[in-house]
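Read through the structure below, which is laid out as structure tokens, and then see the notes.
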There are 2 protein chains.
Amino acid sequence: MYNHAPDDYICPICIAIEGIEDDRTMIRKSDIVYQDDLVTVFIGSFFVADNPGHPIIVPNKHYENLYDLPDPEAHQIISVSRLIAQALKISHSCDGVTIRQNNEPASSQHAFHYHMHLFPRYDGDDFDKKISTSRKSTAEERLPYADKLRAAIKRVQS
Amino acid sequence: MYNHAPDDYICPICIAIEGIEDDRTMIRKSDIVYQDDLVTVFIGSFFVADNPGHPIIVPNKHYENLYDLPDPEAHQIISVSRLIAQALKISHSCDGVTIRQNNEPASSQHAFHYHMHLFPRYDGDDFDKKISTSRKSTAEERLPYADKLRAAIKRVQS
């Protein structure tokens with residue numbers, strides 16, 4: 001429903017979920033912090049100014065946006081978002097968490113596979129003004145955020 | 001968990017869900033477009049520049065934020081958000097839908113009852129720059145948005 005991916009779209013998120021590392025996706029195995037039968041969580045490739053290393057939750061099956069997302073995936077996404085938000089408070093020492101999920105290009109959706117951003121927030125971070133000026137990170141830059149978040153998820157689950 | 005409401009907090013969202021209209025809440029019965037056993041959806045009192053009349057989904061029981069939201073409410077919120085997003089495409093003739101949900105004051109959470117914003121998006125609306133300059137609307141201004149959204153929800157459900 002209201003899909004925008006071209007017919008020959010190669011989905012970088014599907015490729016990453018399959019565990020493939022090549023030029024078709026920026027996501028590396030080392031970015032993945034959580035995975036179950038329905039959803040995967042990884043550190044996003046683009047860093048927002050003062051909110052670096054934020055995680056993204058995706059359904060393992062390909063659905064372009066919220067309009068098409070079935071209940072089993074939707075329910076797991078919001079349950080896991082609660083777990084990740086609790087873990088972010090520990091791993092990223094943040095003062096708050098902002099959920100953002102974009103549907104269609106008019107909403108700044110760039111990857112055409114449903115994905116929910118969880119941004120760590122800090123007092124006075126001027127996030128709304130800076131969100132549109134994100135920069136591409138390197139896999140090495142993402143490692144410490146992934147390691148800390150993975151450890152925090154285990155701590156919350158225990 | 002990580003709560004910020006003062007001990008004597010009078011929750012404007014709880015009051016509105018109970019169907020009370022008085023000076024403690026800006027939400028009017030005419031703002032409510034959907035309600036079931038677990039969640040309520042109403043047109044938000046604050047309008048963002050070129051994205052006026054956006055709906056907000058809340059759990060009927062009082063939980064301050066995502067960290068504390070139980071699964072039954074969380075699951076219904078994301079399922080109903082899909083219904084409302086589909087309806088917004090009709091009622092607000094929008095080009096996309098942005099989900100935004102703020103946890104804690106550092107994330108711009110002002111009302112201390114979990115709430116998820118669904119913003120109708122339009123090509124070139126400059127939303128990110130204007131989101132922080134929202135203005136208080138009148139109940140009369142919200143009426144046409146509520147009426148159209150209510151009708152669109154019925155159309156999607158049929």
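Laid out as a table, the results:
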quantity	calculated
D_trans [Stokes-Einstein, Kirkwood Rh over alpha-carbon pairs] for the range B:113-158, 4 °C, 1.567 mPa s, µm² s⁻¹	98 µm²/s
Environment charge at B:Ser91 (Cβ cut-off 11 Å; Lys +1, Arg +1, Asp -1, Glu -1)	+4
Exposure rank, largest accessible area first [A:Ile153, A:Ile10, A:Ile90; 1.4 Å]	A:Ile10, A:Ile90, A:Ile153
R0 of 25 Å, Cβ-Cβ distance B:Lys130-B:Gln157: FRET efficiency to nearest 0.05	0.20
Between 0 and 90°, nearest 10: helix A:139-157 axis offset from chain A longest Cα axis	80 degrees
Local electrostatic count, B:Ile15, Cβ distance below 13 Å [Lys/Arg +1, Asp/Glu -1]	-2
Accessible area that becomes buried as A packs against B, both chains, 1.4 Å probe, Å², nearest 100	3300 Å²
Solvent-accessible ranking of A:Val97, A:Val156, largest area first, probe 1.4 Å	A:Val156, A:Val97
Burial ranking of peptide ranges B:25-37, B:50-62 (average Cβ count within 10 Å, highest at the top)	B:50-62, B:25-37
Partnerless Cys - chain B, beta-carbon criterion under 4.7 Å	B:Cys94
0 to 90° range, to nearest 10: angle between helix B:71-91 axis and chain B longest Cα axis	30 degrees
Peptide A:120-128, shielding by other chains (average Cβ, 10 Å cutoff)	4
Average other protein chain Cβ within 10 Å of Cβ, residues B:77-86	5
At R0 = 30 Å, FRET efficiency that the Cβ-Cβ distance of A:Ser30 and A:Ala5 yields, to 0.05	0.65
Per residue Cα convex hull volume in Å³ - calculated over the protein assembly as shown	132 Å³
Euclidean distance between Cα centres, the range A:40-64 to the range A:86-130, Å	9 Å
Summed side-chain charge close to A:Gly44 - residues other than A:Gly44 whose Cβ falls under 14 Å, Lys, Arg +1, Asp, Glu -1	+3
Rg/Rg_ref, the range B:12-157, where Rg_ref = 2.2 N^0.38 Å and atoms are Cα	0.97
Rounded accessible area of B:His117 (nearest 10 Å², 1.4 Å probe)	30 Å²
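The values are calculated or read from the model by the stated rules, or taken from the named source; none is laboratory data. Computed from a predicted model, the values in this text were never measured in an experiment. Counting neighbours? That spans all protein chains shown, and the Cβs are built from the backbone with ideal geometry, glycine included. What goes into the accessible areas is simple: the full protein's heavy atoms, side chains included, and nothing from ligands, DNA or RNA. Shrake-Rupley method; radii C 1.70, N 1.55, O 1.52, S 1.80 Å.
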